[in-house]
Amino acid sequence: MNTEQQKDDELWQIAKARVGFRWSFASYFIVNAMLVVIWLFTSGTGSYFWPVWCMMGWGVGIAFQYFHAYHGNKFTNTREEYEKLKRQRHD
């Protein structure tokens with residue numbers, strides 16, 4: 001596989017991760033909005049706000065997905081890490 005094909009494959013993976021994040025965030029927003037509406041109609045504003053647990057738990061997963069989609073190549077670039085280790089070994 002040539003270098004240009006590798007770059008295209010990497011860009012394709014980044015694009016897939018970003019689109020996946022957008023869909024996940026949209027479902028996170030919609031589902032949590034419904035939970036807040038359910039809480040509002042069943043308990044009222046003066047009661048314990050239980051949807052916060054769903055928001056926080058799912059939010060952690062959404063945060064990880066965001067960092068993978070938009071910053072993942074900085075943290076998980078195996079090729080760069082391999083080259084760095086090779087340079088260290090030869091020094």
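The values are calculated or read from the model by the stated rules, or taken from the named source; none is laboratory data. Just so we're clear, the structure is a prediction, and the values are computed from it rather than from any experiment. In this analysis, Cβ positions are derived from the backbone assuming ideal geometry, glycine residues included, and neighbour counts consider all displayed protein chains. Side chains are part of the model used for accessible areas, which takes the heavy atoms of the whole protein and leaves out ligands, DNA and RNA. Shrake-Rupley method; radii C 1.70, N 1.55, O 1.52, S 1.80 Å.
Here are the numbers for the structure shown:
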item: Residues of the chain: accessible area per residue with a 1.4 Å probe, Å²; result: 82 Å²
item: Distance between modelled label sites at E10 and V60, nm, 7 Å Cα→Cβ extension; result: 3.2 nm
item: Accessible surface of the chain, 1.4 Å probe, proportion on carbon and sulfur as whole %; result: 66 percent
item: Theoretical gain in end-to-end length, Y70 to E83 [0.36 nm per residue, Cα-Cα removed]; result: 2.4 nm
item: Calculated over the chain: convex hull of Cα atoms, volume per residue (Å³); result: 106 Å³
item: Integer Hz, Karplus 6.51/-1.76/1.60 couplings in order for the range 77-85, x for Gly and Pro; result: 7, 5, 4, 5, 5, 4, 5, 4, 5
